[in-house]
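Written out below as structure tokens is the structure these notes cover.
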């Protein structure tokens, strides 16, 4: 059935259209701000919060420099120093760098790609609140004197409860995991939004290079964060419930933590760098007045960089005793990663060489980036060479290198981007008189601070020492480094003053002050909550959209969706490769649900932290319930069929197409979940092959009947989900099939719990039992989530939100249960095979 | 999309990752076989042979991808987007081939379990 629609207003004047759209898209005032889901609002909040944590992290960094400025300093006690440097690193990486790039991506990407918002605004808001609460937990712990103190990579066994009793390490594990959940949800959303929500006509070959960078970065996040999340969960379980994943006395291995951490940690360097490189690839052509040279080569280079960055995690572990042959190929991989990076650098240089570069404030920071990143890249290649790494490992040389590649390669493009896009936010330009001195102070201060660290490192200064005797020859280098730190801080303070001054006294500018060619400049300044009064049609190459000419016609509603309908927040979904309009996406309005769900998540995390496990379980159930509740209001309650979207085009709503954003979001969520599962399998096999104290004294023969019952029950559930879908298409008894699927999942959970109960050695006695329990818990938890899918299906069927044309809910359930069967087969198979594998060790 | 062309199926995007996915597979399999061989004290000859076989198998797969994707003319039906993606896929596959040779050649020369 297709419902009749309000007739779209034709030929509305720009102002009237603006008022109509603003009434629909605007975030409320007062407390209603807490219900905001708009990407511009959330993106700005992400960036502002990230800068607050940058400030705190910066102060902590300065405290370390005060402590190290002179020998034998007693400015801080060693215990305090441990907390300060740990929190400096953790804040800068987890609470500043990653969230900042997420904020930039959330704020800018829809604008640059010609969309009105991201695909899942409520998820964006949930991600922000999780980030804020996770960061607040970490910051509060610092004030309370119980902050993490084991270094920002939290190595075991130092971070185990034997050597770090108390809650310091738990704060890190739970707080960072909380923030990582936020990052992962946003990554999935960014991937789906870029692939499915661009301006019509924006095929992949016409997509602005910034879109490619953010897409690849988000895909990297989808695969990179699960290892850290798994590692944090396993370590927290070890600390809280004594399952010995990392305890070598009971068959665990501390090196497993290093593997899991660096499987995240190394790609993370590029996750931080690539969005900034995307900003540079956008800014440099504009400032050079020449299109980006080597667009296609850059796309290939960032794909190569993304993959290779995952294959070099072991270069952080060159000194742990890995055989030379393996070291050789990780060393070679670490060196070759410089090649795709160099492709980008030379493309930028070629763009500058072909154009007539303007020397303005953003370009100062671009110059700073080139200098800093070349230095960091070269020391990176040095550290990729095993013999050099063995000498420099754990010294201040590594600290210097890391700050050049992570801090410098983030800070300088970040400031270039800030000055470049600030007119978009404020409608004003920076004041040259303040901006340039600020740049030079930051540049000189940065190099003075961190270049000296190369030298102290080469002179043997280990990282993380809280003081030194003064006889090592490090005195003047450390003093200069600390002086440089203060100069850099003064520079950043001047940047802040410059920005605040600009807000009031900066020169007002008209639209597109840089003569850029990307779509974010084809909207009102500052941007309206709906971004574009009508969505443009892209007919030319990447980064060549002539926003100045385009903007007036878009404001008049001459693009797509230049009208309002039913009070809906509408944007367009497109074909993934061609960019042809294929669906009308109706987005949810502001709601307090993301805030409430994040609060419940925070309660679960805090309850875990203070060991109120029943409360944690109850809060986790509330979170699950709120997600089910959120699903109830998603989509449309009737069939509409194709609807006009302007320019003579009609497309169906996203609820009635096969490839809607939620479908793709679940696929990418499963990719993330599959990565986590693969890491769990890797961990199990790693302990089997490498950990000390294997084999255990006793091994168990899992109950084959229970394992087969669990498998059969999962298969029944998956088959029943298919039956439900077929039944929906035939208007049959869908509820019966859903009930059968539910019974199957309950039976699977019962069988798996039975298996866990029979594990020998007990999960707390040996890593064999612990990993077996973890594999089985994975199966049970996924069956449990399947029950939530089924519950949501029943509720939405009852509410009339599902029909034979709007079958997305049941298709999502089918996909999830298929995945649960596949991972269940592997997990149960491995559990059954473990006794035989252990038997090999005995022979 | 140019008028008269049809869209490149989204599944074709996976070819962009195919070459480097094979490289990742080589990293994981070589590292695993090497670890298992050394843990169970395989003699050097068979272990080296296994490593070489795995390496050449991956090179063969990436080489086959390069040959297959490089020879196929882009379908004119897919327009400029198809042409762009095909070139990017071929370049990415060549890069993956070169990366595989560069990163793993040493496995054929170095002592296996020191």
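The values are calculated or read from the model by the stated rules, or taken from the named source; none is laboratory data. Since the model is a prediction, treat every value here as computed from it, not as a measurement. Positions of Cβ are backbone-derived with ideal geometry, glycine not excepted, and every protein chain shown enters the neighbour counts.
Residue A:294: in contact (Cβ under 8 Å) with a residue 60 or more places away in the chain and either on the phi > 0 side of the Ramachandran plot or touching a strand residue (DSSP E or B) at 6+ places or on another chain (Cβ under 9 Å) (or both), yes or no? It is false that residue A:294 is in contact (Cβ under 8 Å) with a residue 60 or more places away in the chain and either on the phi > 0 side of the Ramachandran plot or touching a strand residue (DSSP E or B) at 6+ places or on another chain (Cβ under 9 Å) (or both).
Residue check: is residue B:69 more than 9 Å from chain A (Cβ to nearest Cβ) and either in contact with a helix residue (DSSP H, G or I) (Cβ under 8 Å, 6 or more places away or on another chain) or over 20 Å from residue B:20 (Cα atoms) (or both)? Yes: the conditions hold for residue B:69. Whether any residue in the range A:532-543 is modelled with pLDDT under 95, touching a strand residue (DSSP E or B) at 6+ places or on another chain (Cβ under 9 Å), more than 23 Å from residue A:194 (Cβ to Cβ) and away from every other protein chain (no Cβ under 14 Å) is what I want to check. No, every residue in the range A:532-543 fails to be modelled with pLDDT under 95, touching a strand residue (DSSP E or B) at 6+ places or on another chain (Cβ under 9 Å), more than 23 Å from residue A:194 (Cβ to Cβ) and away from every other protein chain (no Cβ under 14 Å). Which one is farthest from the other protein chains (Cβ to nearest Cβ) among residues in the range B:1-43 that are out of contact with any helix residue (DSSP H, G or I) (no Cβ under 8 Å at 6 or more places or on another chain) and closer than 20 Å to residue B:66 by Cβ? Among those residues, the one meeting the criterion is B:14. If we scan the range B:95-107, do we find a residue that is within 12 Å of chain A (Cβ to nearest Cβ), in contact (Cβ under 8 Å) with a residue 60 or more places away in the chain, closer than 23 Å to residue A:576 by Cα and in a helix (DSSP H, G or I)? Within the range B:95-107, not a single residue is within 12 Å of chain A (Cβ to nearest Cβ), in contact (Cβ under 8 Å) with a residue 60 or more places away in the chain, closer than 23 Å to residue A:576 by Cα and in a helix (DSSP H, G or I). Scanning the range A:816-843 for residues that are farther than 14 Å from residue A:775 by Cβ, assigned to a helix (DSSP H, G or I) and within 14 Å of another protein chain (Cβ to nearest Cβ) yields A:838, A:839, A:840, A:841, A:842. On the given criteria, is residue B:60 modelled with pLDDT of 95 or more, under 23 Å from residue B:88 (Cα atoms), more than 8 Å from every other protein chain (Cβ to nearest Cβ) and touching a helix residue (DSSP H, G or I) at 6+ places or on another chain (Cβ under 6 Å)? Answer is no for this residue. Inside the range A:12-41, residues that are assigned to a loop (DSSP other than H, G, I, E, B), within 14 Å of residue A:569 (Cα to Cα) and at pLDDT below 95 make up a count of 2. Of all residues in the range A:262-314, those satisfying the criterion of being within 14 Å of another protein chain (Cβ to nearest Cβ), under 15 Å from the mean Cα position of the chain (by Cα) and within 30 Å of residue A:391 (Cβ to Cβ) are A:263, A:266, A:267, A:270. Within the range A:130-148, being buried (at least 24 other Cβ atoms within 10 Å of the Cβ) and assigned to a loop (DSSP other than H, G, I, E, B) holds for A:147, A:148. The condition (being surrounded by 19 or more Cβ atoms within 10 Å (Cβ to Cβ) and more than 14 Å from chain B (Cβ to nearest Cβ)) is satisfied by just one residue among A:724, A:750, A:709, A:691: A:724. Summed over the range A:315-338, the residues that are facing chain B (nearest Cβ under 8 Å) and part of a helix (DSSP H, G or I) give a count of 8. Of everything listed in (1) in contact with a helix residue (DSSP H, G or I) (Cβ under 7 Å, 6 or more places away or on another chain); (2) within 14 Å of chain B (Cβ to nearest Cβ); (3) under 30 Å from residue A:633 (Cβ atoms), the single unmet condition for residue A:654 is (2).
For the range A:423-478, the tally of residues that are in contact (Cβ under 8 Å) with a residue 60 or more places away in the chain, assigned to a helix (DSSP H, G or I) and surrounded by 21 or more Cβ atoms within 10 Å (Cβ to Cβ) stands at 13. Just wondering, is there one or more residues in the range A:176-196 that are out of contact with any helix residue (DSSP H, G or I) (no Cβ under 6 Å at 6 or more places or on another chain), within 14 Å of chain B (Cβ to nearest Cβ) and either assigned to a helix (DSSP H, G or I) or surrounded by 24 or more Cβ atoms within 10 Å (Cβ to Cβ) (or both)? Yes, the conditions are met somewhere in the range A:176-196.
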